[in-house]
Structure formats: C-alpha cells, structure tokens
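Report on one structure; see the data block that follows.
The values are calculated or read from the model by the stated rules, or taken from the named source; none is laboratory data. Because the structure is predicted, anything quoted here is derived from the model rather than measured. As a convention, Cβ positions derive from the backbone with ideal geometry for all residues, glycine included, and neighbour counts pool all protein chains shown. Surface accessibility is based on the protein's heavy atoms, side chains included, excluding ligands, DNA and RNA. Shrake-Rupley method; radii C 1.70, N 1.55, O 1.52, S 1.80 Å.
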Amino acid sequence: MRIAVTGSNGLIGSALVSSLRRDGHQVVRLVRHEPRAADEVVWDPKGGTVDTRGLAGCAAVVHLAGAGVGDRRWTRAYKRELRDSRVLGTATIAEAVAGMPEPPGTLLVGTAIGWYGDTGDRPVDESEPPGRGFMAQLCTEWEAAAAPAERAGVRTVFARTGLVVSRQGGAWGRLFPVFRAGIGGRLGSGRQYWSHIALQDHIAALRHVLDTPALRGPVNLTAPEPVTNREVTAAMARVLHRPALFPVPTPVLRVVLGEFAEDVVGSQRVRPTRLLESGFRFAFPDVEDAIRAALDRPEPRP
C-alpha cells in the first residue's frame, strides 16, 4: 500500500514511517523544502499548496504535522503558530486531497484530546462535545479544517492523541531525565488525570485505524484507564528506582510555563471507546508497563 505522511520527522511520524516500511508499504513523505529524495513530495501548509502528483496512487494520507504544544511558552505569537500550523496545514491537505481526480480513500488527521478541555475526574469518550479553553477551541478548528475531504467522500478520521509515553520526545521525554536525576515529583496537586498511551500502542492504533474502514470521525488514542499524575509519579519512581520527592506547585508551573501550565495541571480522563469497540488490543495498557516499554524493559508485572 502507498501511504503519504506529513510530520514524518516527528516522534510519532518517524515511528509510523518505520513501522509501515518494515511491513513493505511504500511511504511518501511530505516536506516543506525542495525534495532531496525519491520518497519526498513538497507541500507548503501556510501557502496552501501540495504537489498532488506525488500523492497519486496513495491509499491514505496521514497528517501529523504541527508545531509542538509544549515546545515553547504560550505567548500570543506562539499560540498563533500553534493554530496556523494545525488549522492551515489540515485545510491545505484536505483541499488538496478533495481536488484530486482519484483521491486517497482515507485521510487520517492526528489531533489531540485537548478537544475535551478539563474534564476533572469525569470520564469522557468520543461522544463528548468540545470543552473550553485554548486547546479545545484549537482542536475544534483543527478538525473542522478537514471538511473538504469529508465532503469529497474521503473517509476522514481524527486520531485524538493523549500523552505519548516515550523517552525520545514529547512531554514524557522531558520527564525521564528529571526522574533519572532523582528530582522528579508530582506536578501541582497530582490529582489530575493523565490520559497516556505507549508509543508502541499509538503506532499500532494508527495502523489499526488505517486498516479498519468502519472507523471514521474521532477516535481517542489513549490507554483504557487514565491515571492521575500522582500515580504516574509513583510509577516513574518505581521503574527508574529513584525517589520522587520534589513536587512542583501549581504557582511555580504558572511562572515557568505561562498559560500552558493550565493544561499541565488540568485533568483529562479520556477513554478510547471506539478503538476498543473496533477490536483493538493494547500491548501496554498499564502506565508502568508503558514506561518499561519506553525504556526497552518489557518486564512482565506479577
């Protein structure tokens, strides 16, 4: 199968490309520079252009590109960058796909569980309407930008991603060195829910979505049972054999992270109802198992 991928250099994109190629699929990588390899196709997300000749024959387009949510402090300018990189990029891909004489059968857009806002200790799934706050508004616009592809009859799926457990990058990647140094601890009250997913399960879930024609619309990519930040802290300490004695109070997080701190101490108890109902099975459903998998220590728990 021929599959096009944006964001192929990111944490999830690079792992997905490797997984697809290992299984013999042909991958086309959309890049924002002049193509330097046979597998590269140029696109300009802000300019609204895609060289659709390179998408010919693709069964699916997986759109994962976007500025990192936790990469920088949320200034007004960076919030605009977060929005533009997602909304304009998704609109560009969706319009390009919709305008092709023979469009790919599937557009898989990687979005986020930020859609739900702060849910406290209330569990939510894909049936929930959008919440409040910057991320919820951003996710609403982000998913709406794919409308041209949906109108053209392309199966469109929104993979609403939780916190990916990996030491290679993302929010969790920043936790590992802190805990290894013995200076880890809960963030804020520690009572907020973190809806996590092992990187290995995330890639398997994306592959499952691509291979399951009945899935369309939102699909949560989170482990079956979210855990609190306090539980995450305890699991990290156990796996890394380090103390977790240094909690970071919410006011300090607000000083360091600005508005992004509200998402760090916010609570999202998200469940992957549609993924489970479609027959997907997690290899690392427990947070401790996910942490061990990220460290290549798949020790079975008793």
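Among residues that are under 17 Å from the mean Cα position of the chain (by Cα), at pLDDT 95 or above and among the hydrophobic types (A, V, I, L, M, F, W, C), Val61 is included. Does Leu245 satisfy the criteria of being modelled with pLDDT of 70 or more, open to solvent by 70 Å² or more (accessible area, probe 1.4 Å) and hydrophobic (A, V, I, L, M, F, W, C)? Here the answer is yes, as Leu245 does meet what is asked. Checking Gly184, Gly169, Gly162, Gly153 one by one, the residue that is surrounded by fewer than 20 Cβ atoms within 10 Å (Cβ to Cβ), within 24 Å of Asp286 (Cβ to Cβ) and of a type outside the set (Asp, Glu) is Gly169 and no other. Within the stretch 18-38, the set of residues being at pLDDT 95 or above and either farther than 27 Å from Trp142 by Cα or among the β-branched types (Val, Ile, Thr) (or both) comprises Arg21, Arg22, Asp23, Gly24, His25, Gln26, Val27, Val28, Val31. One residue stands out among those in the stretch 250-288 that are of a type outside the set (A, V, I, L, M), modelled with pLDDT of 95 or more and part of a helix (DSSP H, G or I): the one that is least open to solvent (accessible area, probe 1.4 Å), which is Glu288. Applying a threshold of 8 Å to beta carbon distances and a minimum spacing of six or more residues, or different chains, the list of pairs starting in the stretch 205-234 at a residue that is free of Cβ contacts under 8 Å to residues at least 12 places away in the same chain and ending at one that is buried (at least 19 other Cβ atoms within 10 Å of the Cβ) and not in a helix (DSSP H, G or I) reads Ala234/Ala244. The numbered conditions (1) closer than 20 Å to Leu210 by Cβ; (2) out of contact with any Pro (no Cβ under 6 Å at 6 or more places or on another chain); (3) assigned to a helix (DSSP H, G or I) are all true for Gly89 except (2). Look at (1) of a type in the set (A, V, I, L, M); (2) over 15 Å from Pro226 (Cβ atoms); (3) open to solvent by 10 Å² or more (accessible area, probe 1.4 Å) and you find that Ala205 fails only one, number (3).
Filter the stretch 96-135 for residues that are more than 20 Å from His63 (Cβ to Cβ) and of a type in the set (Gly, Ala, Ser); which is least open to solvent (accessible area, probe 1.4 Å)? Quick ask: steps written out before the conclusion?
From the stretch 96-135, those more than 20 Å from His63 (Cβ to Cβ) are 101, 116-125, 127-129, 131-134; that's our starting set.
Next, only the ones that are of a type in the set (Gly, Ala, Ser) stay: 117, 120, 127, 131, 133.
Numbers: Gly117: 9, Gly120: 29, Ser127: 99, Gly131: 30, Gly133: 49 Å².
It comes out as Gly117.
I'd like to check something: does the stretch 50-60 contain any residue that is surrounded by fewer than 13 Cβ atoms within 10 Å (Cβ to Cβ), among the acidic types (Asp, Glu) and assigned to a loop (DSSP other than H, G, I, E, B)? For the stretch 50-60, residues surrounded by fewer than 13 Cβ atoms within 10 Å (Cβ to Cβ), among the acidic types (Asp, Glu) and assigned to a loop (DSSP other than H, G, I, E, B): absent.
The number of residues in the stretch 61-80 being surrounded by 17 or more Cβ atoms within 10 Å (Cβ to Cβ) and either of a type in the set (Asp, Glu) or part of a loop (DSSP other than H, G, I, E, B) (or both) comes to 5.
What are the residues in the stretch 1-44 that are open to solvent by 60 Å² or more (accessible area, probe 1.4 Å) and part of a helix (DSSP H, G or I), if any? Selection gives Arg21, Arg22. Residues that are free of Cβ contacts under 8 Å to residues at least 24 places away in the same chain and of a type in the set (Asp, Glu) within the stretch 94-141 comprise just one, Glu128. Contact annotation: residue pairs with Cβ atoms under 6 Å, 6 or more positions apart or on different chains, pairing a residue in the stretch 269-286 that is farther than 16 Å from Asp211 by Cβ with a partner that is of a type in the set (A, V, I, L, M, F, W, C) and surrounded by 15 or more Cβ atoms within 10 Å (Cβ to Cβ), are Val270/Ile113; Val270/Val124; Phe284/Ala198; Phe284/Ala290; Phe284/Ala293; Pro285/Ala223.
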